Structure formats: C-alpha cells, structure tokens
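Before any comments, here is the structure.
What follows is calculated from the coordinates using simple rules that are stated; it is not laboratory data. Worth saying up front: this structure is predicted, and the values here are computed from it rather than measured. Because the Cβ atoms are built from the backbone with ideal geometry, glycine has one as well, and the counts that use them run over all protein chains shown.
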C-alpha cells in the first residue's frame, strides 16, 4: 500500500474506534462480561486455525534467525491458547471499574460533587512479538470501556490476525460494537507514524516491545504514552538473609522464565555473606545452565565465572545470564540499583525488617519486594487479571496495569439551580 492509502485506512479505523468508544461507554458490566465470555469461547473454537497461523510465524522467525527468547515469546501451543481464553474469562469475572465512585463532596451551597471512574476512550496498542498481547489488550480495554486499535509486529502477523478474527467473530453476535477491537493488518513503520500522529482519535498509546520501539513512539506521539522500558531487575542479598531462601528466590527469579521483563538480571551480595553464599548460588545456577558474570570480588570466590563489564550492569539479558556484584552495605546496594535500574522490580532478601523498610523506601522502582521472587511483578499475580503491561512511568499508571489503570475519571456536579453570583440574579 502507498503511504496515502495507509494513512487513510488507519484514520478510518480511528473514526470507527471513536464511535465504538461512545457505544462501549453505555454498556453495562453484564453486557461487557457476556461479550468477553463469547470471545473466549470463540478463541477456543478457533484454536486449530490460530495454531496453524502461529506455525507460519514460527517458521518465518526461524528463517530470519530470531533468538530463542524471541521465539519463545512468539510460540503458541494448545495450552497457551487455552490459557489466553482462560485469561479472558478471568477478566469477565473481575469487578467492572467503570462508574466506581472515587470521592464525594457535599458543598455548603448544596452542590454535590462526585468523582467517577470512566473509560479513557480510544487506546492504541503497538507491540512486537507476543501474540497473546492481541487478546490481553483487547479484552482489558473492552472491560474498562475503551475501544482499541492494535498494531502488532511482523513476527506475529499471522497469529495476530487469527486471534483478532476469533475475538471479533465471537464478540459481535454477543453485542460487541463495530470498531471496538481493530487490528491494523500491515506492519510497516509508516503505520506507527500515522498512529502516533492521530491524536484526534487516539487518547493514549501504549507501546509494548523493545526499547527502540518505545523510544520511536515517544518521539513521534502527539498524545500521552505509557512506557514500559527494560526490565533490569535486581536482587539484594542482605547480611541478615536466610541464604537457602536467597538461593531459591534468585533461582526462581532468574530461571523460571528468563525471557520476560520481570526476570532477574543482577544480584548484589553483601560482603559479609558472599564467601558462604556465592558457592551455594553458583551450584544451583550451574545446574540450570546460567552463565555468571561477576565483579572482581565475585571472581575471587567463583574463579570459573566470567568477568563482568560496565555494560552488564545495565543489560536486560532475557536469557540464562546473570551479573553478580559484592557490595559493602545496604546503602551501596541501594545506590547501585538506583543508578542502573530501569525502575521495574527489585527484591531484598533479609530477615531484618528494618533493612527491608529502608530498601523499600529508598529505591525508585515500580515494584519492591521483600523475600519474594520478582516473577510476581505481574498483573495476574496482583489480582488484576490479564495485564496490559508493566509501566515504568510515574504518571498516570505505574507497575502492572490492570483495568483501573485503563480508566480516567470525571467530576459529576449536581445541584438545584445554584449560580455563582446570586446577587446578580437578585438584581435582574
């Protein structure tokens, strides 16, 4: 398609989405839940078609030489499709945030002011290789009363089309407004540029993908952007840590699923426990096939480890690699994390509650854990259902983004004829 045709096509989708957003705002919680359950069943019924489409994407990705982490994000199987459908059912069962009263004021003059949660409107989602995002984004936006325009990456185009088709074919007979969920059917860069300039129709853009994609969207967008930068997550093993617990937490955070943003990338070890702890940790990580990159003090204890360079402290590996550093104190660990962190998720492992309190109040990240794996930085684990992403912003959403984070609010003011200048009225 020519640039002009792409522009016209996406703008037409924007017009449809705006109309759909007005229709969605009028749907009841029951109506939205019924639509979602119909979409979930349609996804299950279309599993074979979706897996056939995904096989095309996997074959193309292997031919392009995509690495193992990217292929894992891309790959679907029957269980993953069923899990995606189950996620839709879970969202359908969640309380509807729309219409929730956030505050109320009775003014002395009799005016009543209510603060009410409302949909944002139309949300654009630009994402890369994860086809499950097509469903997650659509259903969360729908439940929160928002229309959605989705633009996936070329790696998952066949999968995305199949999933979007299943969602639409299931939702429309159940009352899904036309244009409420739309997928841009092409993946050229021009489509990103057009979406980023479409502030007449898009109220918000959420990019999900690599740092390059996010920076591109931020540089082009004429509407607010919620960012999800690198997940450079840290664990600090304090001098008062239960060392066996620390091994288990770091093992889980690093190896349970290394290709995701809440996986651990760096471990900081207090000098007083390093000599005892590091061999225990290395024994466990070696069994998992993890490559250890350490600073000079780590190498003195673990001579088989590779030497870490400056770049390692700011790298999101998304692989079975971990950087480890020995620190002199809690304060040194905090300073390291605040310098190198992407403000995603960090954990302190300690039996000292005072140390944990200092850690959690001194680090500027979205999620701060105490004796808990960073893998729990997840919307479903937080009880939000499927998440739209994990924001590393501070406004308007931070951390795992669920239904409430996809809403805004408005003030509704009720009275009985009050006017600002009552004396003017009396003099007329």
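Quick notes on this structure:
- Length gained on full extension, residue 218 to residue 45: 58.5 nm, using 0.36 nm per residue less the C-alpha separation.
- The share of Cα pairs per 10 Å bin across the stretch 85-143, counted from zero up to the longest distance, runs 18, 34, 25, 14, 8, 1 percent.
- Cα-Cα P(r), the stretch 342-386, percent of pairs per 5 Å interval: 5, 24, 27, 22, 14, 6, 1
- Here, the stretch 163-230 is characterised by an Rg to Rh ratio of 1.04, where Rg is the alpha-carbon radius of gyration and Rh the Kirkwood radius.
- Förster-model FRET efficiency, 41 Å R0, residue 82 and residue 15, C-beta, rounded to 0.05: 0.70
- Label separation (residue 380 vs residue 23): 3.0 nm, computed from points 7 Å beyond Cα along the C-beta direction.
- Residue 106-residue 3 pseudo-label distance in nm [points 7 Å out on the Cα-to-Cβ vector]: 6.1
- With all pairs of separate Cα atoms included, the stretch 124-213 yields a Kirkwood hydrodynamic radius of 13.2 Å.
- Largest first, the three principal axis extents of the alpha carbons in the stretch 67-175 are 65, 29, 20 Å in whole numbers.
- Helix axis angle, 157-171 relative to the chain longest principal axis, alpha carbon, degrees: 40
- Equivalent ellipsoid semi-axes, the stretch 240-367, via Cα gyration tensor eigenvalues times 5, rooted, Å: 20, 17, 15
- With R₀ set to 25 Å, the beta-carbon distance separating residue 404 from residue 31 gives a calculated FRET efficiency near 0.80.
- Three principal axis extents of the stretch 96-245 based on alpha-carbon atoms, in descending order, are 59, 57, 34 Å.
- Multiplying the residue separation of residue 256 and residue 190 by 0.36 nm and subtracting their alpha-carbon distance yields 20.0 nm.
- Relative intensity, log₁₀ I(q)/I(0), of the chain from a Debye sum that treats every alpha carbon as a point, q = 0.11, 0.14 Å⁻¹: -0.89, -1.22
- Relative to the dominant Cα principal axis of the chain, helix 47-64 is inclined by about 50°.
- Cα centroids of the stretch 363-377 and the stretch 183-207: 32 Å apart.
- For the chain, the longest principal axis of the C-alpha atoms and the axis of helix 78-93 are separated by about 50°.
- Cα-projected label distance for residue 271 with residue 93, points at 7 Å along beta-carbon direction, nm: 5.2
- From helices alone, the chain scores -14000 deg cm²/dmol at 222 nm; the rule is -39500 (n - 2.57) for each run of n ≥ 4 DSSP H residues, then divide by the residue total.
- Here the gap between residue 284 and residue 60, fully extended at 0.36 nm per residue and compared with their Cα-Cα distance, gives a gain of 77.1 nm.
- Value in Å of the Kirkwood radius, where the stretch 351-414 supplies the Cα pairs that are averaged: 13.7
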